[in-house]
Amino acid sequence: MQPAAPAPLQDRLRAAQPCLWTNPGRQAEVPPRLSVGTAAVGVEDMQAAAARFGRFAGLLAALFPQELQASGGVIESPLVPAPALGQALGLDADAGALWVKCDHLLPVAGSIKARGGIHEVLEFAEQLALQHGLVAPGGDYRALAQPEARALLGRYQVAVGSTGNLGLSIGVAASALGFRAAVHMSADAKEWKKERLRRRGVEVVEHAGDYEQAVAAGRAQAASDPFCHFVDDERSLSLLQGYSASAPALQRQLAAAGIAVDEQHPLFVYLPCGVGGAPAGITFGLRQVLGPHVHCFFAEPVQSPCFLVQMLAGAHDNPSVYDWGLTNQTEADGLAVPRASLLAASLMHPLLSGIYTVQDATLFQHLALAHDTEGLRIEPSAAAGFSGPGMLTSTPEGRAWLQAQGLEVHLPRATHLAWTTGGLFVPEAEYDCFLQRGREATSPG
Ligand SMILES: *Cc1c(COP(=O)(O)O)cnc(C)c1O
């Protein structure tokens, strides 16, 4: 008997070595309705989320005057070129230009969770407000800042399970609207994130287990309380929808920056992935507005590649990274998730271009490079996107895929967009440690 053919991808995955998977199921044309679990979504769901943010802008500006007055209540982040970082990462000019979508600067939440998390809190508030006549359809939502409205919302609780950032976003938004808020935190959640929430009167419930266990505990507690809305990171359509609303905004930013996205000008987007909701929502939105020439790649820590093991497993299985002998131990706390969202995975089958994994040491190196070349101040999870251009343009797997897709000839005019997903509220001392760790890893010896 011949030994079985080697499976280099599976071997590297199991050995916690960086690897690249490309999606054979990706379709160039986006079907009008896409299945997500047992439901279906289309472009109108993305538009509905964008419209909801619009209806709440006045109220958000009133609730967060310091952070949102200037933008009129719009929660958005800049799109910036990063040529020096591109060069430092080894991206040659003939392999495309590096840009950064700076969600590490998103106000209110300080991370990408401002998109999905705040959207779900707004949707819940809107539903209650309409039901109880606190606002009229199409009316001025600033009425929700009045004491009577806040008193009504205060009868309800919003709860969530989180490794940190989702809890921050939900806790801050919910308490600002007058809701009671409870955040179930996993063991890997950073102390400063818990502190920040407690200072805002949010109840922080600490769990000894991982992210999955924190979510399960929160879900169980909420199920017994009719006045509690549980934001379910593994099952929520509202979260996905909120993330997708970033797509029309990015489309406008790309146009304003003079960046074309077409056959001659492919756009590669690199998205740090935890449970998959944020990157899947964004990918869904981008494929709707930009079409076949945007290629989205998810980035995961080598010890927590839950989305990759899910895509390898298929729809009827929901494996964890522990099943692959991996530890789920990573300093990228926003990505420390053992099992992917099935909702997100089903949505990504026809849309996603691929997934790659990154070592923690590389995250810190890139965190430091981003600081030293472009002055970007990000958290470790948010650095995962910076390995993307190298994975695609300088590995045999990446080159082979580019060639097979007919993309190699267009590389000189390509745009590589790394999505930096968090960092704004990282305390100074904590950030200095990250930076030092990254510089030590980079310096010779
Ligand atoms: C949550 C998070 C992600 C990934 O989002 P998921 O929905 O969990 O996939 C990426 N980066 C940061 C900083 C995060 O907090």
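Listing for the model above:
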{"item": "Those residues of the range 279-297 which are within 12 Å of the ligand (Cβ to nearest atom) and among the β-branched types (Val, Ile, Thr), in sequence order", "result": "Ile282, Thr283"}
{"item": "Matching option when the condition is more than 30 Å from Ala313 (Cβ to Cβ) and either in the same structural domain as Ala249 (by TED's automatic domain parsing) or modelled with pLDDT under 95 (or both), among Gln66, Gln27, Gln17", "result": "Gln66"}
{"item": "Every residue from the range 365-386 that is within 14 Å of the ligand (Cβ to nearest atom) and either free of Cβ contacts under 8 Å to residues at least 60 places away in the same chain or part of a helix (DSSP H, G or I) (or both)", "result": "His366, Leu367, Ala370, Pro380, Ser381, Ala382, Ala383, Ala384, Gly385, Phe386"}
{"item": "One residue from Ala260, Ala249 being away from the ligand (no atom under 16 Å from the Cβ), at pLDDT 95 or above and within 17 Å of Arg115 (Cα to Cα)", "result": "Ala249"}
{"item": "Positions within the range 239-287 being more than 21 Å from Ala95 (Cα to Cα), among the polar types (S, T, N, Q) and surrounded by fewer than 24 Cβ atoms within 10 Å (Cβ to Cβ), in sequence order", "result": "Gln251, Gln253"}
{"item": "Residue match in the range 171-183 (condition: of a type outside the set (A, V, I, L, M, F, W, C), closer than 20 Å to Arg115 by Cα and out of contact with any strand residue (DSSP E or B) (no Cβ under 7 Å at 6 or more places or on another chain))", "result": "yes"}
{"item": "Residue pairs meeting the criteria (Cβ under 6 Å; at least 6 apart or on separate chains; first assigned by TED's automatic domain parsing to the domain that holds Arg52 and among the hydrophobic types (A, V, I, L, M, F, W, C), in the range 248-263; second at pLDDT 95 or above and assigned to a helix (DSSP H, G or I))", "result": "Val261/Leu290; Val261/His293"}
{"item": "Residue in the range 45-57 that is of a type in the set (D, E, K, R) and more than 17 Å from Tyr141 (Cα to Cα) present", "result": "yes"}
{"item": "Among the residues listed as Gly58, Gly72, Gly90, the single one being within 23 Å of Glu374 (Cα to Cα) and touching a helix residue (DSSP H, G or I) at 6+ places or on another chain (Cβ under 7 Å)", "result": "Gly90"}
{"item": "Yes/no for Ala182 being over 24 Å from Val321 (Cβ atoms) and of a type in the set (A, V, I, L, M)", "result": "yes"}
{"item": "Looking only at the range 412-440, and only at residues there that are within 16 Å of the ligand (Cβ to nearest atom) and assigned to a loop (DSSP other than H, G, I, E, B), the one that is nearest to the chain's Cα centre (by Cα)", "result": "Thr421"}
{"item": "Neighbours by Cβ (under 6 Å, 6+ apart or cross-chain): first from the range 414-431, assigned by TED's automatic domain parsing to the domain that holds Leu392 and over 22 Å from Leu166 (Cα atoms); second away from the ligand (no atom under 12 Å from the Cβ) and of a type in the set (Phe, Trp, Tyr)", "result": "Thr415/Trp99; His416/Phe268; Leu417/Trp99"}
{"item": "Sole residue being of a type outside the set (A, V, I, L, M), outside any loop (DSSP other than H, G, I, E, B) and either within 15 Å of the ligand (Cβ to nearest atom) or touching a helix residue (DSSP H, G or I) at 6+ places or on another chain (Cβ under 8 Å) (or both), chosen from Glu300, Glu331", "result": "Glu300"}
{"item": "Residue identified as more than 13 Å from the ligand (Cβ to nearest atom) and of a type in the set (Val, Ile, Thr) among Val205, Val231", "result": "Val205"}
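The values are calculated or read from the model by the stated rules, or taken from the named source; none is laboratory data. All values reported here derive from a predicted model rather than from experimental measurement. Because the Cβ atoms are built from the backbone with ideal geometry, glycine has one as well, and the counts that use them run over all protein chains shown.
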